[in-house]
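So the structure is just underneath, and the comments pick up after that.
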Amino acid sequence: MKVQLLNLAAQYNKIKGEVLREIKAVCDSQHYVLGKNVAGLETEIAAYCGARHAIGVASGTDAILLALMAAGVKQGDKVATTPFTFFATAGSIARLGATPVFVDIDPRTYNIDPDALETVIKKTKGIKAVIPVHLYGQCAEMAPINAVCKKKRIAVIEDAAQSIGAEYRGKKAGSIGDIGCFSFYPTKNLGCFGDGGMVTTDNDRLAERLRMLRVHGSRVRYYHDEVGANSRLDEVQAAVLRVKLKYLDKWTEARVRNAERYTRLFKKAGLEGAITLPHVEEWNRSVYNQYVIRVKKRDEMRGWLSGEGVGSEVYYPLCLHMQKCFRYLGYRKGAFPASEAAAKEVLALPIYAELKPVEQEYVVAKVAEFHNR
Ligand SMILES: Cc1ncc(COP(=O)(O)O)c(C=O)c1O
């Protein structure tokens, strides 16, 4: 048996007719950029996330970049975030000439540790924004983060790239901080046919600024109030996303069911001690963009699984403070023990909505075989 980490075709085959019809309608209209599909999707995503505004942009990376710009982050400012995330989170900070200030994670959820963040905020001057990342589909511990940031007038920018639909104490990802950032990269729970992203906010002033920044800082065509970016979501992507959004809750429920099944199967196989299963806080609803286990002999197990036809992935093998491009920040190995240990041990298993129970049983059987060799 072969079980891929992700099978995009399984989803596409179910909605092919609908999606191709909408793409054809865009082609027939010959209106490709910022048209009625983008406007419609923005309204729908805002409603879905419980935010007043949603602004379509070219990617999740750009969503973060523009959010930072809208929050007024400039050269010389500092922005705190986790070193255990996809590169874009910190890359966007650095691209603005600002300095990423890393804060270690909670080893159980892999999200930024709010106590460590508070300590860093108290002892570091010049922190303008914080980017908590909702990693793998689970929201960061937002209440203490919002509280300390509010007191210090620091902007809270949620990196919700992996977490559309996730809930924190009943609030949806992207509506908890000041600005939410989403990615529609194909591997995400809501993925388009290329790159795409969205920014959400309740703040009218920030929303207006974001709309301006995505079109070269211009409110009136060819008149530029500030230097922005060319970061527009296109009509073909928005049309695809509008079709998919209708199915998102159903797909998320399937992911959650699959996660629960894995957990049941791992426990039944007696592997609970040998591997660490995902931990979701009781006040969170994870959308399981990834089902991530933790194992000591991770690389060996990954190789073994691959030989048995099971796809897996490591998100992420090298923490951001250890990346070559961030050497100038001066962090040393050992600076963030929880993040560094996670980078050595995490392994994402197939979790997509269409995954079959028999395939999950196979994955668990192969993990068990590895342990019992
Ligand atoms: C946590 C996180 N932040 C940011 C991004 C960037 O999104 P994109 O690839 O759409 O630029 C991604 C996805 O790749 C991500 O997983």
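Could you list all residues from the range 310-340 that are over 24 Å from LEU6 (Cα atoms) and out of contact with any strand residue (DSSP E or B) (no Cβ under 9 Å at 6 or more places or on another chain)? Don't jump to the end; show me each part of the working.
Here is the first cut: in the range 310-340, the ones over 24 Å from LEU6 (Cα atoms) are 320-340.
Selection gives MET322, GLN323, LYS324, CYS325, ARG327, TYR328, GLY330, ARG332, LYS333, GLY334, PRO337, GLU340.
Looking at GLY174, GLY180, which one is in contact (Cβ under 8 Å) with a residue 24 or more places away in the chain, buried (at least 17 other Cβ atoms within 10 Å of the Cβ) and on the phi > 0 side of the Ramachandran plot?
Values: GLY180 fails: on the phi > 0 side of the Ramachandran plot.
None of the others qualify; the one that does is GLY174.
So which residues in the range 48-100 are of a type in the set (S, T, N, Q), more than 15 Å from the ligand (Cβ to nearest atom) and under 23 Å from GLN138 (Cα atoms)? Give the steps one after another, and end with the answer.
Initial filter on the range 48-100 (of a type in the set (S, T, N, Q)): 59, 61, 75, 81-82, 85, 89, 92, 99.
Those left that are additionally more than 15 Å from the ligand (Cβ to nearest atom): 75, 99.
Of everything in the range 48-100, nothing turns out to be of a type in the set (S, T, N, Q), more than 15 Å from the ligand (Cβ to nearest atom) and under 23 Å from GLN138 (Cα atoms).
Residue-wise test of (1) within 16 Å of SER286 (Cα to Cα); (2) of a type in the set (Phe, Trp, Tyr).
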site	(1), (2)
ALA98	no, no
ILE105	no, no
TYR110	yes, yes
ALA129	no, no
HIS134	yes, no
ALA140	yes, no
PRO144	no, no
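Considering the range 150-171 alone, what residues qualify as being buried (at least 24 other Cβ atoms within 10 Å of the Cβ) and either within 13 Å of ILE112 (Cβ to Cβ) or away from the ligand (no atom under 16 Å from the Cβ) (or both)?
Matches in the range 150-171: ILE157, GLU158, ASP159.
Output the residues belonging to the range 275-315 that are within 16 Å of the ligand (Cβ to nearest atom) and either of a type outside the set (Phe, Trp, Tyr) or in a loop (DSSP other than H, G, I, E, B) (or both).
Of all residues in the range 275-315, those within 16 Å of the ligand (Cβ to nearest atom) come to 286-292, 313-315.
Correct list: SER286, VAL287, TYR288, ASN289, GLN290, VAL292, GLU313, VAL314, TYR315.
(1) under 30 Å from TRP251 (Cα atoms); (2) assigned to a loop (DSSP other than H, G, I, E, B); (3) of a type in the set (Asp, Glu): which one isn't true of GLU226, the others all being true?
(1)
Report yes if ASP202 is more than 16 Å from the ligand (Cβ to nearest atom), assigned by TED's automatic domain parsing to the domain that holds VAL130 and not polar (S, T, N, Q), otherwise no.
Values: more than 16 Å from the ligand (Cβ to nearest atom): yes; assigned by TED's automatic domain parsing to the domain that holds VAL130: yes; not polar (S, T, N, Q): yes.
Spelling it out, ASP202 is indeed more than 16 Å from the ligand (Cβ to nearest atom), assigned by TED's automatic domain parsing to the domain that holds VAL130 and not polar (S, T, N, Q).
In the range 107-125, how many are within 16 Å of the ligand (Cβ to nearest atom) and either crowded, with 22+ Cβ neighbours inside 10 Å or among the charged types (D, E, K, R) (or both)?
The number of residues fulfilling the criteria is 3.
What are the residues in the range 87-99 that are surrounded by fewer than 24 Cβ atoms within 10 Å (Cβ to Cβ) and either modelled with pLDDT under 95 or touching a Ser or Thr at 6+ places or on another chain (Cβ under 6 Å) (or both), if any?
As a first pass, look at the range 87-99 and keep what is surrounded by fewer than 24 Cβ atoms within 10 Å (Cβ to Cβ): 87-88, 91, 94-99.
Across the range 87-99, the qualifying residue is only ALA88.
If ASN189 satisfies all but one of (1) over 24 Å from VAL280 (Cα atoms); (2) within 16 Å of the ligand (Cβ to nearest atom), what's the number of the condition it fails?
Among (1) over 24 Å from VAL280 (Cα atoms); (2) within 16 Å of the ligand (Cβ to nearest atom), ASN189 violates only (1).
If a residue has to be farther than 25 Å from VAL287 by Cα and either part of a loop (DSSP other than H, G, I, E, B) or not assigned by TED's automatic domain parsing to the domain that holds THR252 (or both) to count, how many in the range 329-368 make the cut?
Selection size over the range 329-368: 7.
Can you pull out the residues in the range 253-274 that are modelled with pLDDT of 95 or more, part of a loop (DSSP other than H, G, I, E, B) and surrounded by 12 or more Cβ atoms within 10 Å (Cβ to Cβ)? Please lay out each step first, then the result.
Of the residues in the range 253-274, the ones modelled with pLDDT of 95 or more are 253-271.
From the residues that got through so far, the ones that are part of a loop (DSSP other than H, G, I, E, B) too are 269-271.
ALA269, LEU271 - these are the residues of the range 253-274 that are modelled with pLDDT of 95 or more, part of a loop (DSSP other than H, G, I, E, B) and surrounded by 12 or more Cβ atoms within 10 Å (Cβ to Cβ).
Does GLY217 satisfy the condition of being of a type in the set (Gly, Ala, Ser) and in contact with a Ser or Thr (Cβ under 9 Å, 6 or more places away or on another chain)?
The answer is no for GLY217.
Quick one: is TYR110 touching a strand residue (DSSP E or B) at 6+ places or on another chain (Cβ under 7 Å) and on the phi > 0 side of the Ramachandran plot? Reasoning before the result, please.
Numbers: touching a strand residue (DSSP E or B) at 6+ places or on another chain (Cβ under 7 Å): no; on the phi > 0 side of the Ramachandran plot: yes.
When the stated conditions are applied, TYR110 does not pass them.
Could you please let me know if GLY194 is among the small types (Gly, Ala, Ser) and modelled with pLDDT under 95? Can you show your working first?
Numbers: among the small types (Gly, Ala, Ser): yes; modelled with pLDDT under 95: no.
Spelling it out, it is not the case that GLY194 is among the small types (Gly, Ala, Ser) and modelled with pLDDT under 95.
The values are calculated or read from the model by the stated rules, or taken from the named source; none is laboratory data. The model shown is predicted, which means the values in this text are computed figures rather than measured ones. Glycine gets a Cβ as well: all are built from the backbone with ideal geometry, and neighbour counts include every protein chain shown.
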